[in-house]
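Down below is the structure, laid out as structure tokens.
The values are calculated or read from the model by the stated rules, or taken from the named source; none is laboratory data. Model, not experiment: these values are computed from the prediction. Positions of Cβ are generated from backbone atoms using ideal geometry, with glycine treated the same way; all protein chains shown enter the neighbour counts. Calculation scope for accessible area: heavy atoms of the full protein, side chains included, ligands and nucleic acids excluded. Shrake-Rupley method; radii C 1.70, N 1.55, O 1.52, S 1.80 Å.
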Amino acid sequence: MTISEDTATTFACLMGDVLRLRRFLVDPAEIEHRLTEHESVQVAKVVGVRDAAGATGAVGFVVLDGPAEPEELGAWCAKTLARFKVPSAIHVIDRMATTSGTNGSKIRAATLREWARQHHEAKTAPGHGSA
């Protein structure tokens, strides 16, 4: 993000990475940055997942190096982020799905999107207790 002399703000990210949350374009790095400000979060990655109605929601994945619960991390995000930027779900995982290449390791966002979709489907499946 850069701020020019006339106080205009410019966000720079790949259009393939940007999330459209409630008609706003959001760089997931903004949400990831907030998550990693929490003392227990070592690594965070945010992906977008569409719900049954076709709306995109932010879903966070975190690797912890201290105690924290997903609900606590959501409340942590809500303290400074706009409501529509707060992840609809935060999943604590042991390690990020990565791939290695000539430029080092990279987090596999496509894998995390699939995990988020599977979590969402399991949560909304009949018999799960959803009303």
* Asked: Over region 55-131, what is the percentage of antiparallel beta bridges among all DSSP beta bridges, to the nearest 5?
  -> 50
* Asked: Hey, what does the equivalent ellipsoid look like for region 15-65, semi-axes from the Cα gyration tensor as sqrt of 5 times each eigenvalue, largest first, whole Å?
  -> 22, 11, 8
* Heavy-atom accessible surface of region 17-131: percent carbon and sulfur, 1.4 Å -> 49
* May I ask you to evaluate 6.51 cos²θ - 1.76 cosθ + 1.60, the Karplus curve with θ = phi - 60°, for each residue of region 103-114 and list the ³J(HN,Hα) values in order in whole Hz, giving x for glycine and proline? => 9, x, 7, 9, 6, 8, 4, 4, 5, 5, 4, 5
* Structure fact -> Placing each pseudo-label 7 Å from Cα in the direction of the beta carbon, ALA97 and ARG50 end up separated by a distance in nanometres of 1.8
* Between ASP65 and VAL43, with labels modelled 7 Å along Cα→Cβ, what's the label distance in nm to one decimal, could you check? => 1.2
* **Local electrostatic count at ARG22 - Lys and Arg +1, Asp and Glu -1, tallied over other residues with Cβ under 14 Å** => +4
* **Cleavage-rule hits, trypsin sites (Lys or Arg not before Pro), region 50-129, DSSP coil, Cβ neighbours within 10 Å at most 11** => LYS79, ARG95
* **Ranked packing of 37-49, 19-31, most packed first, by mean Cβ within 10 Å** => 37-49, 19-31
* **Under Karplus coefficients 6.51, -1.76 and 1.60, residue-wise ³J(HN,Hα) of region 63-80 in Hz, glycine/proline x** => 10, 9, 10, x, x, 6, 10, x, 4, 4, 5, x, 5, 4, 5, 5, 5, 10
